[in-house]
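The values are calculated or read from the model by the stated rules, or taken from the named source; none is laboratory data. Remember, predicted model here, so these are calculated numbers, not experimental data. Using ideal geometry, Cβ is built from the backbone for each residue, glycine included, and neighbour counts are taken over all protein chains shown.
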Amino acid sequence: MNSDKAKIVEMIQQIRDRLDDVVESLDAYEGPLEGYVERLDFVDDRLFEIETEFESYDIAPCTDEGELITTSQAQESRNTGDEVYKEGVETLIEFAGAVKDIKEAFSLKNLK
């Protein structure tokens with residue numbers, strides 16, 4: 001697995017762990033929850049966009065004859081990968097903000 005893919009898999013696991021933390025916080029929280037569904041739906045939509053991009057990413061495989069892709073095809077693939085990475089980072093930053101807000105809302109300080 002290349003290093004970028006390994007980093008993405010690691011980040012996905014971090015998101016899973018964070019979601020488990022949010023569920024635990026939510027279980028203990030008894031305050032108002034207005035707006036959280038919309039915020040989490042936004043994060044879900046961004047993750048779905050990334051999933052769709054990964055699923056539709058079309059790279060022609062090398063043939064048995066060793067046919068190679070052109071430089072322009074390689075550059076186009078690289079540009080697409082860069083865009084996916086940037087959107088993923090933006091999504092994770094937004095997700096981290098939402099999780100921070102949720103944790104703050106569930107903290108004992110805010111229950112007073």
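Looking for something surrounded by 10 or more Cβ atoms within 10 Å (Cβ to Cβ), among the hydrophobic types (A, V, I, L, M, F, W, C), at pLDDT 85 or above and in contact with a Ser or Thr (Cβ under 7 Å, 6 or more places away or on another chain) - is there at least one such residue anywhere in the stretch 47-67?
yes
Looking only at the stretch 87-106, how many residues end up being surrounded by 13 or more Cβ atoms within 10 Å (Cβ to Cβ) and basic (Lys, Arg)?
Counting residues in the stretch 87-106 that are surrounded by 13 or more Cβ atoms within 10 Å (Cβ to Cβ) and basic (Lys, Arg) gives 1.
Cβ-Cβ distance below 9 Å, separation of 6 or more or different chains: which pairs start in the stretch 1-25 with a residue that is under 19 Å from Val43 (Cα atoms) and end on one that is hydroxyl-bearing (Ser, Thr, Tyr) and not in a helix (DSSP H, G or I)?
From the stretch 1-25, the pairs are Ser25/Ser107.
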